[in-house]
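Asks: One structure is given below, represented as structure tokens, and several questions about it will come after.
What follows draws every value from the coordinates through simple rules; no lab data is involved. All figures in this text were calculated on a predicted structure; none of them were measured in a lab. With ideal geometry, Cβ positions are generated from the backbone for all residues, glycine too; neighbour counts draw on all protein chains shown.
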Amino acid sequence: MWVRSAMAYRLSFVLTTLGSALTSFLDFVAILIMFAHVDALGGFTVAEVALLYGATSTSLGLADLALGNLDRIGSRIRDGTLDVLLVRPAPVFAQVAADRFALRRIGRIAQGLFVLGWGLTRLDVNWSVGRVVMLVVMIVAGAVIFGAVFAAGGAFQFVAQDAAEVQNSFTYGGNTLLQYPPTVFATELVRGVTFVVPLAFVNWLPALWLLGRDDPLGLPGWVSFCSPLVAAVMCGAAGLAWRFGVRSYRSTGS
């Protein structure tokens, strides 16, 4: 329904999609401005940073397209309109995710893929079947990890009722963090996004293996291949949190 609504005004859809892509692309413009004054950032070249940027932006774009509307659940909890979703013969999670589905968000995905492709053409990497598979797995697993964070944030709103910005700090904020090399951040921060909220598995650890670089934390090489496992564990945890949140919902009493 929401897709048909968006397509009813084709020019408006095209302009908003382009606007979404260009607005997101400004982050990479800022990176290019930095590289106009330096040759490397934390030891990474502009092409290597483009790989990090493109991978995380594409992963977040996919998760945002599918589950980005979960941050709206807080308002439904506060005004009691979540009751309407509970009586329908469809999963509440799917209904919340589809609520006001915004197809224009493909603009973020498109610009992420554009930067990723630009960076890949300039990387000095000996591409093999294994590295290509790793690149694809990195993007897909990264999208699942971000999706799990969206779901966990939505579940948290059953308790907090107004925590959309907290959720955004881990999704959009995490995306901004991952656009830059881990070597520019303090070791404690890198540990936090590896072991506490494992966003490092979105792109940092797989990309370090692709680029043949050492992990700043000195982790074993096999850790770079754990993104699918981390994504599965996070999905399981987010699913349990969501189930607990729905079961604890008591409406507004009005």
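Asks: Could you say whether any residue in region 41-58 is small (Gly, Ala, Ser) and not in a helix (DSSP H, G or I)?
Replies: yes
Asks: Another one. Scan 70, 41, 103, 52 and give me the residue that is within 24 Å of the chain's Cα centre (by Cα), more than 26 Å from residue 148 (Cβ to Cβ) and touching a residue at least 12 places away in the same chain (Cβ under 8 Å).
Replies: 41
Asks: Something else about it: Looking only at helices (runs of 4 or more DSSP H) that lie completely in region 174-254, which have at least 2 residues being over 29 Å from residue 156 (Cα atoms)?
Replies: Per the criteria, 204-211.
Asks: Checking the structure you have, find out if any residue of region 126-138 is under 16 Å from residue 202 (Cβ atoms), of a type in the set (Phe, Trp, Tyr) and touching a helix residue (DSSP H, G or I) at 6+ places or on another chain (Cβ under 9 Å).
Replies: Checking region 126-138: not a single residue is under 16 Å from residue 202 (Cβ atoms), of a type in the set (Phe, Trp, Tyr) and touching a helix residue (DSSP H, G or I) at 6+ places or on another chain (Cβ under 9 Å).
Asks: Further question: Any idea how many residues of region 16-47 are under 17 Å from residue 109 (Cβ atoms) and of a type outside the set (D, E, K, R)?
Replies: So the count comes out to 12.
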